[in-house]
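J.: The following block contains the structure, expressed as structure tokens.
The values are calculated or read from the model by the stated rules, or taken from the named source; none is laboratory data. Note that the coordinates shown come from a computational prediction; the quantities given were computed from them, not determined experimentally. Cβ coordinates were reconstructed from backbone atoms using ideal geometry, including for glycine residues, and neighbour counts include every protein chain displayed. Accessible surface is based on the protein model in full, side chains and every heavy atom, while ligands, DNA and RNA are left aside. Shrake-Rupley method; radii C 1.70, N 1.55, O 1.52, S 1.80 Å.
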Number of protein chains: 2
Amino acid sequence: MDNMKDYIFTFSTKPIAIKAGKNICLMNEADVREMGLNPFERVQLINPKNNKKIVTVIDISQNKLLKEKEIGLFFDVQEKLGIKKGTQQIKATPMGRPKSIEYIKKKMNKKKLTFEEMQAIVQDISENKLSEIEVSAFVSSVYINGFDLEETVSMTKALIGSGQKLVIPGTVVDKHSIGGVNGRVTMVLVPIIAEAGLKIPKTSSRSITSAAGTADAMEVLANVSLTIAQIKKITQKIGGVIAWGGAVELAPADDKIIKIEHPLSLDPEGQVIASVMAKKESVSSKFVVIDLPVGKEVKVKTREQATSMAKKFIEVGKAVDIKVEALITNGDEPSGPAFGPALEARHALEVLEGKVFDNMAQKAVELAGTLLELSEKAPKEKGYLKAKEILESGKALKKMKEIINAQGKKIDESKKVPWAKFSHDVKSTQAGSISQLDVKGLTLMARIAGAPVDKEAGVLLNSEEGQKIKKGDKLMTIYSNNKRRLEAARDYLHKNPIIQMERVILEKIE
Amino acid sequence: MDNMKDYIFTFSTKPIAIKAGKNICLMNEADVREMGLNPFERVQLINPKNNKKIVTVIDISQNKLLKEKEIGLFFDVQEKLGIKKGTQQIKATPMGRPKSIEYIKKKMNKKKLTFEEMQAIVQDISENKLSEIEVSAFVSSVYINGFDLEETVSMTKALIGSGQKLVIPGTVVDKHSIGGVNGRVTMVLVPIIAEAGLKIPKTSSRSITSAAGTADAMEVLANVSLTIAQIKKITQKIGGVIAWGGAVELAPADDKIIKIEHPLSLDPEGQVIASVMAKKESVSSKFVVIDLPVGKEVKVKTREQATSMAKKFIEVGKAVDIKVEALITNGDEPSGPAFGPALEARHALEVLEGKVFDNMAQKAVELAGTLLELSEKAPKEKGYLKAKEILESGKALKKMKEIINAQGKKIDESKKVPWAKFSHDVKSTQAGSISQLDVKGLTLMARIAGAPVDKEAGVLLNSEEGQKIKKGDKLMTIYSNNKRRLEAARDYLHKNPIIQMERVILEKIE
């Protein structure tokens, strides 16, 4: 509706003391119609006092609280227009649709997008020019129609172009895990890598469906809400950092896309790869290792899918000058015994303290070794040994304590991590051999017990797959600060086959 | 996250004096995280004073205006919770995803939806339980993956079940046009039908991309914002009504779906058919005629597409006990000479007054005749003649005046319809024969001149396809109340091939 541009309407502003985080204004439907517009179309608002302008999407207020010719402006829109408190007159002109909507429609129509088109979409998302409805239509069409490799590269480059870049002197490396479940590999890997002289400004997520995200577990030990400046400073000084990615705005468009993907759990492969690689590029990574757990209950279900995804990561890496290696790992068995923020944080510290060396520690050392080889800090085939040596020497633990201190220390020893108020030991009612531990079921149990909101809640396994068990042996302990939740988790365990046993002794006399 | 249900959090309400028209609440991101939730997930709010409950989608406020543990509530949410002015404590518990989200995901994964699943989606949309992001994902997936006939019937029935029903004694009939452009067939057809003794409670739309919708043109003559009760009363008394559909809430879910479809101009065939048929059923229609204009610039591009769509309308009609007939019409040529609300209203009155009988009048009489035959008010093959007789007798005009009076009269004679302040006659610069009139271009010209906001603005053709033209003949007149817009429309005409001529006299001497 570009042809409406020279119609100018005048409104009285009605301030709304809330920051909406998006460029919307509230209007009466009758006023919208009079402008020749429909809800969710756009107006440009101009403050006649200072000529400041902003394009907003129209949302409808159906009540009489907005009088005729009143426009409701959220705090952030008022701020952008330089409107002080109270009411004033403002000019509004109908605007056409941004070009990017045409490109979204193109993707819906199963056509391939060019780099320029992808860039227009990403730019309009990061500048809040597209509404949530439009971004949702975009991610839905990417989910349904997919990106080919070229489009994935275009999306990666578009995301890189839209965000900030963190420049850190030295060799920056990174690690990313696609849909792992438990075990804080990152908290063991980062100090090993930093100790080896590389730079690793790791940003991690909080839990969405798991019992804890790395950010949740690290938060038990230190502050994780760091600014870009803090991440840069700590990485430069100490070599590594483990921050919550949600607090930094390295890739605003990507953050917005991910927020829209959550409600429907959309994770279109091309978008996931572009999102990961753009974030790695934005912190100047040169070498990246990707952990791809494969299993029935994790994001990547088959070896074939993992191999195909790994190849795409490598190809996209080439296009943005990042050397990528991807490791396919077993996502069917638990990565370490802990499920829940404090339990997982304690376990990571125990690995660093040399108290345990299990499959989680093994994975951390292998991934770290791959990074050491990629960056030529270790010769071919020697990365694993070098990483293990750093871990066993206690230097990784010392480095982790430096990182914890730099981020704002809460706890830096495994024995000081607090335990939940209530716990329950689960004992075997029969002898046998553990044939399977259901990772998804354990996760859900930990969440029922209260994780990740209740930081100390969760499940700690005392058994692993293949292990022989006597009747009465402790299989696991459930922790919670809430008795009812502890009961609910026990109840869930009784009703679901979380631990499957093959009985080795079959004796039954009737 | 059903497992979070027995966590109860307490918030202080912060009233927002705006009706949002959807069930959302505003919270700080930190509070959302503490509840173990993500933005766009759901909380159930409970007012401890009266136990009133409502499930809301969480929207994030990123500023400091909402203090920790404060929750921003829009006016309509406050109302549903029975919260009086000011601040009070409120309980919030995290909620799981509604089942309908799973069904939306199913459609995204190219699977077929059952009636029960469709019903769950429609019900959650009409009860505001799905966010705009989720509804957008739904319409996007229907656009991309489509509905088969069975799904279209399910959607129709689900929409019918979600809305109100208008019961009118007598034989109720209706007419619907899919994506026509100009010419108010409805304003000629409705009085003919009402005069024939049938009931036609017609609800029409406003313009979205055309120069005028029927509601815009009718509004020049009478009030069109009628309540359901008014529509019922006028139809019972007079036989017909021409109201704006946007003001009645016959199908709330459908209205919401259509609002979400607008920003991306999505019009998935199955959804369009379900939407039309559900609306017809909700006013108790027994016989419906569908006008399907086919043309390069209208919604339906080919005869094949129109035939297939017509068959689906008929089949869906059978499933909900409505007898449907569909007429495929020519969408490439203008339907009458007028583009713009007042111009189209005047032209419709002129047809009723017997001053003109052109292709628009012809179409109205044919569609009316089809309805008369369907409802057995006229024998087979005699519907057209009966409809034309009613028109020519002046009884349709008399009936139209009754309808205008009943709706709230503004004008009821063509000569009283006001003209725009400024006009410009476009004259032919050459002799020839008009080979094509570009309907889309004429529409855009009318919009540039100010239609539909400027009710009197638009274009009035003085020529038709195939007509022989002498140099200097008047081809059309442009109308506007704004001189700059008139100039802009002229400019657009000069730069675009709106009228294409074949020169009959080719004489050129060099």
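J.: Quickly work out the A:S265-to-B:K355 label distance, labels modelled 7 Å from Cα along the C-beta direction, and quote it in nm with one decimal.
T.: 6.5 nm
J.: Aspartates and glutamates near A:K84 by alpha-carbon distance under 14 Å, same-chain residues fewer than 8 away left out - which ones?
T.: Hits, sequence-local ones excluded: A:D76.
J.: Now for a separate question. Using amide H atoms built 1.01 Å from N in the peptide plane, name the residues 5+ places from A:I18, or on other chains, whose amide H lies under 5 Å from its own.
T.: A:F75
J.: On C-alpha positions alone, give me the angle between the axis of helix B:303-319 and the longest principal axis of chain B, in degrees, nearest 10.
T.: It is inclined by approximately 50 degrees.
J.: Considering only the label points, 7 Å along Cα→Cβ from Cα, what distances in nm to one decimal separate B:D148 from the same position in each other copy, shortest first?
T.: 3.0
J.: Label position 7 Å from Cα toward Cβ: report the copy-to-copy distances for B:K237 in nm, one decimal, ordered from shortest.
T.: For B:K237, the inter-copy label distances come out at 8.2 nm.
J.: Under a Cβ-only charge scheme (Lys and Arg +1, Asp and Glu -1), can you give me the dipole magnitude of segment B:137-238 about the Cα centre, in debye to the nearest 20? Numbers along the way, then the final one.
T.: On the way: 10 positive and 7 negative charges, 97 e Å.
Here the size comes out at about 460 debye.
J.: Output, in nm with one decimal and in ascending order, the distances from the B:T87 label point to the matching label points of the other copies (7 Å from Cα along Cα-to-Cβ).
T.: Distances to the matching label points in the other copies: 2.5 nm.
J.: If you filter segment A:223-316 for trypsin sites (Lys or Arg not before Pro), then keep DSSP loop positions with at most 13 other Cβ within 10 Å, what is left?
T.: On the way: sites: A:K232, A:K233, A:K237, A:K256, A:K259, A:K279, A:K280, A:K286, A:K296, A:K299, A:K301, A:R303, A:K311, A:K312; in loops: A:K286, A:K296, A:K299, A:K301.
In loop regions of segment A:223-316 (DSSP not H, G, I, E or B), the sparsely surrounded trypsin sites (Lys or Arg not before Pro) are A:K296, A:K301.
J.: May I ask you to evaluate 6.51 cos²θ - 1.76 cosθ + 1.60, the Karplus curve with θ = phi - 60°, for each residue of segment A:396-410 and list the ³J(HN,Hα) values in order in whole Hz, giving x for glycine and proline?
T.: With the stated coefficients, segment A:396-410 comes to 5, 4, 4, 4, 4, 5, 5, 4, 4, 4, 5, 7, x, 5, 10 Hz.
J.: Relative to the longest principal axis of the C-alpha atoms of chain B, give the angle of the C-alpha long axis of helix B:483-495, reported between 0 and 90° and rounded to the nearest 10°.
T.: Once rounded, the angle reads 70 degrees.
J.: If R0 is 35 Å, what FRET efficiency do you get for A:N462 and A:Q236 from their C-beta distance, rounded to 0.05?
T.: Values: r = 42 Å, r/R0 = 1.19.
The calculated FRET efficiency here is 0.25.
J.: Kindly write out, for segment A:279-290 in residue order, the coupling ³J(HN,Hα) from the Karplus curve 6.51 cos²θ - 1.76 cosθ + 1.60 (θ = phi - 60°), rounded to whole Hz, with x marking Gly and Pro.
T.: Once rounded to whole Hz, the list reads 5, 5, 5, 5, 9, 6, 5, 10, 10, 9, 10, 10.
J.: Taking 30 Å² as the minimum loss, tell me which residues in segment A:261-285 lose that much accessible area going from the chain by itself to the full protein complex (1.4 Å probe).
T.: Flagged in segment A:261-285: A:H262, A:P263, A:L264, A:S265.
J.: Pop a pseudo-label 7 angstrom from the Cα along the beta-carbon direction at both B:E392 and A:R303 and give the gap in nm to one decimal.
T.: Once both label points are built, they end up 8.3 nm from each other.
J.: Also, I was wondering about something else. With θ set to phi - 60° and the Karplus curve 6.51 cos²θ - 1.76 cosθ + 1.60, what are the ³J(HN,Hα) couplings of segment A:80-90 in order, to the nearest whole Hz, using x for Gly and Pro?
T.: In residue order, the calculated couplings are 5, 8, x, 8, 7, 4, x, 10, 8, 7, 9 Hz.
J.: Long-range amide H contacts for A:G213: which residues qualify at under 5 Å (H placed 1.01 Å from N, peptide plane, sequence gap of 5 or more or a different chain)?
T.: A:S207
J.: Separate question: Once every DSSP H run of n ≥ 4 in chain B is given -39500 (n - 2.57) and the sum is divided by its residues, what mean residue ellipticity at 222 nm do you get, rounded to the nearest 500 deg cm²/dmol? Walk me through the numbers on the way to the answer.
T.: Values: 18 runs with 209 residues, N = 510.
That calculation yields -12500 deg cm²/dmol at 222 nm.
J.: Grab the beta carbon distance between B:Q430 and B:E315, set R0 = 45 Å, and tell me the FRET efficiency rounded to 0.05. Walk me through the intermediate numbers first.
T.: Details: r = 51 Å, r/R0 = 1.12.
The calculated FRET efficiency here is 0.35.
J.: Amide H to amide H under 5 Å from A:M95: which residues, 5+ apart in sequence or cross-chain, H placed 1.01 Å off N in plane?
T.: Hits under the 5 Å cutoff: A:R42, A:V43, A:Q44.
J.: Based on the alpha-carbon gyration tensor of segment A:50-103 and its eigenvalue square roots a ≥ b ≥ c, which shape applies: rounded if a/c is under 1.5, prolate if not and a/b is larger than b/c, or oblate? Kindly include the intermediate steps, with their values, before the conclusion.
T.: Working: a/c = 2.17, a/b = 1.31, b/c = 1.65.
Oblate shape, in that a/c is at least 1.5 and b/c is the bigger or equal ratio.
J.: Which of the pairs A:K111/B:K311; A:K110/B:K105; A:K232/A:K416; A:K22/B:K22; A:K355/A:K483; B:K202/B:K401 have their Cα atoms more than 21 Å apart in this structure? Kindly include the intermediate steps, with their values, before the conclusion.
T.: Working: A:K111/B:K311 29 Å; A:K110/B:K105 19 Å; A:K232/A:K416 29 Å; A:K22/B:K22 17 Å; A:K355/A:K483 31 Å; B:K202/B:K401 16 Å.
Pairs exceeding the cut-off: A:K111/B:K311; A:K232/A:K416; A:K355/A:K483.
J.: Additional query: How crowded by other chains is B:10-20, given as the mean number of beta carbons from other chains within 10 Å of each beta carbon?
T.: Values: counts 0, 0, 0, 0, 2, 0, 6, 8, 11, 9, 7.
If you average over the peptide's residues, the count of other-chain Cβ atoms is 4.
J.: Return the carbon/sulfur percentage of the accessible area of chain B, one whole number, probe 1.4 Å, all protein chains in place.
T.: 49 percent
J.: Could you give the angle, 0 to 90 degrees to the nearest 10, between helix B:115-126's Cα long axis and the longest principal axis of the Cα atoms of chain B?
T.: Long axis of B:115-126 versus the principal axis of chain B: about 90 degrees.
J.: Cα centroids of segment B:402-448 and segment B:238-273: how far apart, whole angstrom?
T.: Comparing the Cα centres of segment B:402-448 and segment B:238-273, I get a distance of 26 Å.
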